[in-house]
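Down below is the structure, laid out as structure tokens.
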Amino acid sequence: MPDKLKLKLTNRAVQPSGFDWINIDRCRTRIGKIRARLGGGTLTIFSINIFPEFEGNGYARKTIDTFKASFHRIIADRVRYTAVGFWVKMGFVNAGGGRYVYDKDGSGVRGANERRWFQAKGIGEKAGQGRKG
């Protein structure tokens, strides 16, 4: 059943929330939504919501597998305690601070080293500016 999913992006440039929204549809029916940010080969997921009447059918798993084929890095940000098992089963590594990370090349980011890793790659915050999406 999950193989018939369609993902439709609403880019943050065309709506006011500051997030990219991805609708998850199956057979012309909306079955869920993802609040995320895309950029530079990385997808940061802030929430994934499969609507209750569609839960338990593997739709979230299929959606994440689709993303794994398309993005070099996926970050699940602000993961709830009750969702940790899902992200671990999907191959994500605990990066600390409620973040779980999947790297296609397997390099991974490990806990407190995350900020240093981003800085070494030239990605991240500049002093006094904060993060920009």
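The values are calculated or read from the model by the stated rules, or taken from the named source; none is laboratory data. Here the structure is a predicted model, which means the values were calculated and not measured. When we count neighbours, we look across all protein chains shown, and the Cβ atoms used for this are built from the backbone with ideal geometry, even at glycine.
Considering only residues that are within 11 Å of the chain's Cα centre (by Cα) and closer than 15 Å to residue 102 by Cα, which ones fall in the range 38-64? Scanning the range 38-64 gives 38, 42, 43, 44, 45, 46, 63, 64. In the range 23-42, the qualifying residues are those that are under 18 Å from residue 58 (Cα atoms) and touching a helix residue (DSSP H, G or I) at 6+ places or on another chain (Cβ under 8 Å), and the one that is modelled with the lowest pLDDT is 27.
Note on the range 28-52: residues that are assigned to a loop (DSSP other than H, G, I, E, B), surrounded by 13 or more Cβ atoms within 10 Å (Cβ to Cβ) and of a type in the set (Lys, Arg) amount to 0.
The set of residues in the range 79-108 that are basic (Lys, Arg) and surrounded by 13 or more Cβ atoms within 10 Å (Cβ to Cβ) comprises 99, 104. Sub-7 Å Cβ pairs linking a first residue in the range 12-25 that is on the phi < 0 side of the Ramachandran plot and among the aliphatic types (A, V, I, L, M) to a second residue that is at pLDDT 85 or above and in a helix (DSSP H, G or I), at least 6 apart or interchain, are 24/59; 24/63, ordered by first then second residue.
State the number of residues belonging to the range 1-37 that are under 11 Å from the mean Cα position of the chain (by Cα) and within 14 Å of residue 64 (Cα to Cα). Residues in the range 1-37 being under 11 Å from the mean Cα position of the chain (by Cα) and within 14 Å of residue 64 (Cα to Cα): 4 in total.
Of the set (1) at pLDDT 95 or above; (2) exposed (fewer than 12 other Cβ atoms within 10 Å of the Cβ); (3) of a type outside the set (A, V, I, L, M); (4) not in a helix (DSSP H, G or I), all apply to residue 17 but (1). Of all residues in the range 53-102, those that are under 20 Å from residue 6 (Cβ atoms) and either among the β-branched types (Val, Ile, Thr) or in a helix (DSSP H, G or I) (or both) total 15.
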